[in-house]
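The values are calculated or read from the model by the stated rules, or taken from the named source; none is laboratory data. Quick caveat: nothing in here was measured; it's all calculated off a predicted structure. No Cβ is skipped: glycine too gets one built from the backbone with ideal geometry, and neighbour counts run over all protein chains shown.
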């Protein structure tokens, strides 16, 4: 039963990612994610669990510098499949509603403050 619940959670997170992608509210790949974070468009960064240590390091640093939450979940293949693309080590979610839904579905131990997702940048 516990495994089934976890699988349903994972499926719902990937489902939300798929919806966000269809709404053109995601960016995949290192270059697109860097640009999204630096320009203030990214509301959430999702990092694959099987990403390289170097990728994890720069994504975490960049996200911390720009106060963007990072969620490490799913494999590269799962993330790529949810976007109907090749495997992706890192994704950015651009819409705050999709971002907060993904965070809620992923059941993080310490949920993010709403202010983090509602911030405005100029």
Scan the range 67-84 and tell me whether some residue there is surrounded by 14 or more Cβ atoms within 10 Å (Cβ to Cβ) and farther than 19 Å from residue 106 by Cβ. no
I'm trying to understand the selection: among the residues of the range 87-111, which are at pLDDT 90 or above and either surrounded by fewer than 17 Cβ atoms within 10 Å (Cβ to Cβ) or more than 12 Å from the chain's Cα centre (by Cα) (or both)? 87, 96, 97
Could you list, in sequence order, all residues of the range 29-79 that are in contact with a helix residue (DSSP H, G or I) (Cβ under 6 Å, 6 or more places away or on another chain), more than 23 Å from residue 16 (Cα to Cα) and in a loop (DSSP other than H, G, I, E, B)? 66
